[in-house]
1. Residue A:66 - would you say it is within 8 Å of chain B (Cβ to nearest Cβ) and closer than 23 Å to residue B:59 by Cβ?
2. Can you tell me how many residues within segment A:36-57 are crowded, with 17+ Cβ neighbours inside 10 Å and within 8 Å of chain B (Cβ to nearest Cβ)?
3. Of the conditions (1) polar (S, T, N, Q); (2) over 15 Å from residue B:137 (Cβ atoms); (3) outside any loop (DSSP other than H, G, I, E, B), residue B:19 clears all except one; give me its number.
4. Within segment B:69-85, can you find the residues that are at the interface with chain A (Cβ under 7 Å from one of its Cβ atoms) and touching a His at 6+ places or on another chain (Cβ under 8 Å)?
5. Looking at segment A:27-55, which of the residues that are touching a strand residue (DSSP E or B) at 6+ places or on another chain (Cβ under 7 Å) and among the polar types (S, T, N, Q) is nearest to residue B:51 (Cα to Cα)?
6. Is there any pair with a first residue in segment B:7-22 that is closer than 22 Å to residue B:52 by Cβ and a second that is acidic (Asp, Glu) and crowded, with 16+ Cβ neighbours inside 10 Å whose Cβ atoms are under 7 Å apart and which are 6 or more apart or on different chains, and what are they?
7. Just the residues that are part of a loop (DSSP other than H, G, I, E, B) and without any contact (Cβ under 8 Å) to a residue 24 or more places away in the chain, please, taken from segment A:23-76.
8. Tell me which residues, restricted to segment A:80-138, are part of a helix (DSSP H, G or I) and surrounded by 16 or more Cβ atoms within 10 Å (Cβ to Cβ).
There are 2 protein chains.
Amino acid sequence: MNDEFTLDPRLANDSIYITDLALCQIRLNNDSRYPWFILIPKLNNISEIIDLSPQQQQQLWQESAALSFWLKKHYKHAKLNVAALGNVVAQLHIHHIVRFVHDDAWPAPVWGKFPAIGYTEEAKTTLKHQFLQTFLFP
Amino acid sequence: MNDEFTLDPRLANDSIYITDLALCQIRLNNDSRYPWFILIPKLNNISEIIDLSPQQQQQLWQESAALSFWLKKHYKHAKLNVAALGNVVAQLHIHHIVRFVHDDAWPAPVWGKFPAIGYTEEAKTTLKHQFLQTFLFP
């Protein structure tokens, strides 16, 4: 399926490639205000979770759970926000945002609150390496 | 598990009981601006999706998919927003919000945008009956 997969240009522009799982690509949203990862099923013409087959949905949620476990382990005392919205970018993508009681937008949702603060090149590289060295998908 | 289940008072106050599925209670958020349903696993001390067992997560997403299918069938030309945030109410609850390009908040997420407009008693009853007559969980 990957041969046919086209990433939405806005998602491509606003986020950083981390790795590929069986169904989804993992990307880091380029906003250092919050650790904010995005799962994007590598399929075209899918905008709702229920556009996926039941088997693909199950895979999606297994990948989401694996990412969530990593986030909760890596970021202590965090609350996760897991959300598939897609009002602006129709291509299905599932936000996994690590929230803290002291973050800029808490307790409000993050969307539309503050302009993104991009990562430095060094911070991108460090975070990606940390992720790849410690993330294990069963 | 239901005997032990305590619904968060804020969720109870802001939403209307619709029905019970095997894992979740379905409630209607009392904001007539958007058709907005909430799934709440009937378990205590659960605030993240991954606090559920793998079997419970699978059940949650099956119930979410069934609700989503009903929403897409009942509300034509809608986009779904599916989200587990929980920054204010810690008890795990998964929003299923039907969005339209002409709704009050489009394309922004709905949270914190506008004060809720409660349903009339008649509208509540009608919507609940429509749901119960047409929702089938496999």
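Each value in this text was obtained by applying a stated rule to the coordinates, not by laboratory testing. Worth saying up front: this structure is predicted, and the values here are computed from it rather than measured. Note that we place each Cβ from the backbone using ideal geometry, even for glycine, and neighbour counts take in every protein chain shown.
1. no
2. So the answer is 4.
3. Failed condition: (2).
4. B:80, B:81, B:82, B:83, B:84, B:85
5. The qualifying residue nearest to residue B:51 (Cα to Cα) is A:29.
6. B:21/B:63
7. Result: A:45, A:53, A:76.
8. A:124, A:127, A:128, A:131
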